[in-house]
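Notes for the one structure printed next.
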Amino acid sequence: MRAALLQSSGRPGSVVENLKVLDEAAGRAAAAGAGLLVTPELFLTGYAIGEDVHRLAEPADGNSADAVAEIAGRHGVAVAYGYPERSGEQVHNAVQLISPDGTRLAGYRKTHLFGCFERDWFTPGDEPVVQAELDGLRIGLMICYDVEFPENVRSHALAGTDLLVVPTAQMHPFQFVAESVVPVRAFENQMYVAYVNRVGTEGEFEFVGLSTLAGPDGGARARAGRAEELVIGDVDPALLAASREENPYLKDRRPGLYGSLV
């Protein structure tokens, strides 16, 4: 499957404009033969928008979900997009996966909130492994800081995730996460990781870009720079199977020794 990584901060504070950016990117992704388009964290609204997060939050089946479903269906490409999800009185930092026919396949709420900003505005999720099937691959969902916890990614590996989709808002000076941590996570867990970042300055944050599709060999199959761009990379099931055979980390585990971790 070909994946398109949309490295962009869109237009913070404007869902309407961000849907236009998404529509244009979906057209380009489809033209490049991509079956999946991934946006950054909180793409639909913007990240550093303060109390507007709550004003712009929507339920998983809200108007914006319908708009994304229409975009996905019109271009024939699956879309994983970041947005603030309203659930009763709570708001979650969330990502939703929409199929190429516009069906909502899965939704994930960020379980590990980063810093005072996120803890002030969001309620953490409590479901660590969320997956869906797409084009013969098992897709897992996660958001930004979540991927920095090795237990999180290993849980996905044990559940059979082939491609871990990670919308992110990675900021300076933590660019080593995109450069080093993410490829290592892909290698040690024998999966692909699509880590898709915001870019530019937003409020007090400077986002570093460097969106990456990391492969099970620890290499970057595609990597963006520090400007807005759409990067394309292939997820190869044959390479994944061969790599898992050659690097049997999951088979060689000794869980009885790891009790202290929990």
Please work out how much length the chain gains when fully extended from D236 to C116, using 0.36 nm per residue of separation minus the C-alpha to C-alpha distance, in nm with one decimal.
39.3 nm
Long-range amide H partners of D135, meaning residues 5 or more apart or on another chain whose placed amide H is closer than 5 Å, are none
Compute the distance from the alpha-carbon center of the stretch 1-50 to that of the stretch 221-262, in whole Å.
24
Computed label-point distance, nm, for sites A227 and F174 using a 7 Å Cα→Cβ extension:
2.7
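Pairs of Cα atoms under 8 Å, at least six residues apart: use those to get the relative contact order of the stretch 15-101, whole percent.
On the way: 143 pairs, mean separation 29.2, N = 87.
It comes to 34 percent, rounded to a whole number.
Pairs of Cα atoms under 8 Å, at least six residues apart: use those to get the relative contact order of the chain, whole percent. Intermediate values should be presented prior to the final figure.
On the way: 630 pairs, mean separation 48.6, N = 262.
Relative contact order here is 19 percent.
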By the Cα gyration tensor axes a ≥ b ≥ c (a/c under 1.5 gives rounded; else a/b larger than b/c gives prolate, otherwise oblate), the shape of the stretch 1-117 is prolate
Treat each spin label as a single point 7 Å out from the Cα along the C-beta direction, and report the Y258 to T201 distance in nm.
4.3
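Rounded to a whole number, what % of the accessible area of the chain do carbon and sulfur atoms account for, probe 1.4 Å?
Working: 5330 of 10670 Å².
Reported share for carbon and sulfur atoms: 50 percent.
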HN-Hα J couplings of the stretch 209-220 from phi, Karplus 6.51/-1.76/1.60, θ = phi - 60°, integer Hz, Gly and Pro as x?
x, 6, 3, 9, 9, 9, x, x, 8, x, x, 8
Heavy atoms of the protein only, probe of 1.4 Å, neighbouring chains included. What is the accessible area of I232 in Å², nearest 10?
60
In nm, the gap between the two label points placed 7 Å beyond Cα toward Cβ at E89 and L250 is 4.1
So for the chain, taking the charge dipole from beta-carbon charges (+1 Lys/Arg, -1 Asp/Glu), which of Y192, S9, A241 sits furthest toward the positive end?
A241
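If Lys and Arg each add +1 and Asp and Glu each add -1, what is the summed charge of the other residues whose beta carbon sits under 15 Å from the beta carbon of G73?
Details: positive: R74, R104; negative: D23, D66, E70, D101.
The answer is -2.
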Taking the Cα centre of each part, how many Å lie between the stretch 198-214 and the stretch 130-157?
21
Give the accessible surface of the stretch 1-153 per residue, rounded to a whole number of Å², with probe radius 1.4 Å and ligands, DNA and RNA excluded.
38
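Given charges of +1 on the Cβ of Lys and Arg and -1 on the Cβ of Asp and Glu, with all other atoms neutral, how large is the dipole of the chain about its Cα centre, in debye to the nearest 20? Please list the in-between numbers first.
Working: 22 positive and 36 negative charges, 89 e Å.
So the dipole magnitude of the chain works out to roughly 420 debye.
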If you line up the Cα atoms of the chain on their principal axes, what length do they span on each, largest first, in Å?
49, 42, 33
Which whole-Hz couplings ³J(HN,Hα) result when phi for each residue of the stretch 223-228 is put into the Karplus expression 6.51 cos²θ - 1.76 cosθ + 1.60, θ = phi - 60°, listed in order with x for Gly and Pro?
8, 8, x, 10, 10, 5
Here the stretch 34-49 yields Karplus 3J(HN,Hα) values (6.51, -1.76, 1.60; θ = phi - 60°; whole Hz; Gly and Pro given as x) of 6, x, 9, 10, 10, 9, x, 4, 6, 4, 5, 10, x, 8, 8, 10
Under a 5 Å amide H to amide H cut-off, with H placed in plane at 1.01 Å, what residues pair with V130 once short-range neighbours are removed?
L141
For G125, distant residues with modelled amide H under 5 Å away
K110, T111
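Counting pairs of alpha carbon atoms under 8 Å apart in space and at least six apart in sequence, what relative contact order in percent does the stretch 142-262 give? Before the final figure, lay out the partial values.
Numbers: 207 pairs, mean separation 25.1, N = 121.
Relative contact order of the stretch 142-262: 21 percent.
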For the stretch 109-258, the Cα gyration tensor yields equivalent-ellipsoid semi-axes (√(5λ), largest first, whole Å) of 26, 19, 13
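The values are calculated or read from the model by the stated rules, or taken from the named source; none is laboratory data. Everything quoted here is computed from the prediction, not taken from an experiment. Note that each Cβ is placed from the backbone with ideal geometry, even for glycine, and that neighbours are counted across all protein chains shown. Side chains are part of the model used for accessible areas, which takes the heavy atoms of the whole protein and leaves out ligands, DNA and RNA. Shrake-Rupley method; radii C 1.70, N 1.55, O 1.52, S 1.80 Å.
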